[in-house]
Amino acid sequence: MEESFSARFSCTSREYEYYFVRGALDIEKMQEASQLLIGTHWFGRLSKPEKEESKKKRLEKSQSAALCANSPEESVRTVDTISFTKQKTFPDLEIEIFVMKIKARSFLHNQVRKIFSLLQMVGAGSPVSVKSVLNKSEKQKTDILLASPFFLVLSSCTFKDTDLHQLRTTPDKRNTRHKILENVLLHSEVSSRIATEPRNPSSP
């Protein structure tokens, strides 16, 4: 492996997975809305501003800092694919766990979590307009909350002209998806109990 190799800047493609409980969400609406995010768009409302220190390092690592400086908009990214698939079903609990997979060369800070939050709103029946969120010239009418980081997994990366055969995955890394599924299920059970159990007015 060359000394110039960087896990961040040598990566040519990344895929993230976000696990969630379906509940009453309309997966078809979420999938349909996700297609509006495919391609090159301004994702300024679906990300968090980059820290100056991180931005400086990125520009220094770039092959041409001038090229980056002349970029029309730093919040522009190209999303290759977004898909939704059922990951696991718990019949006794009537719970279905789905996963959103999203792939791109690079992502803005918190972009994946914001995108899931937006699509979750669509699946829950919110009238939020994906096209309006992507339109920088339109006034933002709806705040897009930041989804929880606990159900997000960086599932794969692609590196050009780099031999990664010597790398080994630790047992903890191999069990990541299993732990994520457990956390999603636990989160669902806790949320359900909070919503259904009567509250004592005298409790603090």
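The selection criterion, being of a type in the set (D, E, K, R), in a helix (DSSP H, G or I) and at pLDDT 90 or above, holds for Lys29. One residue stands out among those in segment 89-140 that are without any contact (Cβ under 8 Å) to a residue 24 or more places away in the chain, of a type outside the set (D, E, K, R) and outside any loop (DSSP other than H, G, I, E, B): the one that is farthest from Arg77 (Cα to Cα), which is Pro91. Please give the number of the condition Val153 fails out of (1) out of contact with any Leu (no Cβ under 6 Å at 6 or more places or on another chain); (2) part of a loop (DSSP other than H, G, I, E, B). Failed condition: (2).
The values are calculated or read from the model by the stated rules, or taken from the named source; none is laboratory data. This is a predicted model, so every value here is computed, not measured. Backbone-built Cβ (ideal geometry, glycine too); neighbour counts: all protein chains shown.
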